[in-house]
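Below you'll find the structure, written out as structure tokens, and then a few comments.
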Amino acid sequence: MDLRPAMPADAAALADLGVRSFVAKFGHMYTAVDLANFLAESHSEAKIAKEIADPRMRVMLAEADGKLLGYCKLVMDCGWPEHARGQRVIELKQLYTDPDTTGRGIGAGLMNWALETARDHGADEVQLSVWSGNEGAQKFYARYGFGKVADIHFMVGEQRDEEFLFARLLG
């Protein structure tokens with residue numbers, strides 16, 4: 001597996017992987033209309049292209065033999081300042097892997113990159129949002145020193161999802 005920064009030409013592949021990953025894990029939770037609108041807004045090729053070009057974001061790809069296996073997005077700003085404990089807080093926005101490649105160390109490689117990048121940026125805390133029912137992801141994040149700091153929510157169309165804000169102080 002190789003890691004490399006996303007380029008503008010990667011937007012379509014990232015949008016596709018984002019849609020497939022989200023639908024595989026969470027698609028059953030939403031009405032067809034809410035899901036379609038959310039995916040069109042949050043995982044469109046145009047939105048991904050803007051994120052890749054945004055100097056406040058870092059987007060890293062995991063690939064093997066030219067195949068996209070996963071990606072991670074970091075926002076170099078604090079997502080939830082009301083819950084910040086550090087002075088320079090960044091947000092881990094998404095860490096997605098191809099649904100067919102889960103359990104192959106892709107998430108670990110991307111998480112290691114995210115923590116290293118956060119430190120290199122001078123961050124002293126990383127925040128992320130995780131669905132309250134996603135126990136597998138919560139265990140994954142806990143292995144990297146993240147813990148719950150607040151109850152928050154996430155809207156997908158008209159549906160309000162109960163989420164946990166996880167964070168890790170960097171030392």
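Just checking, how many residues over the stretch 139-152 are under 13 Å from L128 (Cβ atoms) and not in a strand (DSSP E or B)?
6
On the basis of being of a type in the set (G, A, S), closer than 17 Å to Y96 by Cβ and either in a helix (DSSP H, G or I) or in contact with a strand residue (DSSP E or B) (Cβ under 6 Å, 6 or more places away or on another chain) (or both), does A118 make the cut?
No.
Give the stretch 14-43 a look and list any residue that's of a type in the set (G, A, S), out of contact with any helix residue (DSSP H, G or I) (no Cβ under 9 Å at 6 or more places or on another chain) and in contact (Cβ under 8 Å) with a residue 12 or more places away in the chain, or say none.
Passing the criteria: S21, A24.
Could you list, in sequence order, the residues of the stretch 55-74 that are without any contact (Cβ under 8 Å) to a residue 60 or more places away in the chain and either more than 16 Å from the chain's Cα centre (by Cα) or closer than 18 Å to I152 by Cα (or both)?
P55, D65, G66, K67
If I filter the stretch 101-114 for residues that are touching a residue at least 12 places away in the same chain (Cβ under 8 Å) and in contact with a helix residue (DSSP H, G or I) (Cβ under 7 Å, 6 or more places away or on another chain), do I get at least one hit?
Within the stretch 101-114, one or more residues are touching a residue at least 12 places away in the same chain (Cβ under 8 Å) and in contact with a helix residue (DSSP H, G or I) (Cβ under 7 Å, 6 or more places away or on another chain).
Picking from R88, R119, R58, which residue would you name as being on the phi < 0 side of the Ramachandran plot, charged (D, E, K, R) and buried (at least 21 other Cβ atoms within 10 Å of the Cβ)?
R58
Looking at the stretch 124-138, which of its residues are in contact with a strand residue (DSSP E or B) (Cβ under 9 Å, 6 or more places away or on another chain) and either part of a strand (DSSP E or B) or within 19 Å of G109 (Cα to Cα) (or both)?
E125, V126, Q127, L128, S129, V130, W131, A137, Q138 - these are the residues of the stretch 124-138 that are in contact with a strand residue (DSSP E or B) (Cβ under 9 Å, 6 or more places away or on another chain) and either part of a strand (DSSP E or B) or within 19 Å of G109 (Cα to Cα) (or both).
Just for the stretch 93-116: of the residues that are surrounded by fewer than 22 Cβ atoms within 10 Å (Cβ to Cβ) and of a type in the set (V, I, T), which one is nearest to the chain's Cα centre (by Cα)?
Per the criteria, the residue is T102.
This table checks each residue for (1) farther than 23 Å from A24 by Cα; (2) aromatic (F, W, Y); (3) not in a strand (DSSP E or B).
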| residue | (1), (2), (3) |
| --- | --- |
| G70 | no, no, no |
| P99 | no, no, yes |
| G122 | yes, no, yes |
| F154 | no, yes, no |
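Bear in mind these aren't lab numbers, they're just calculated from the coordinates by the rules spelled out. Computed from a prediction, not measured in an experiment: that's the story for all the values here. Every residue, glycine among them, receives a Cβ derived from its backbone with ideal geometry; neighbour counts consider all protein chains shown.
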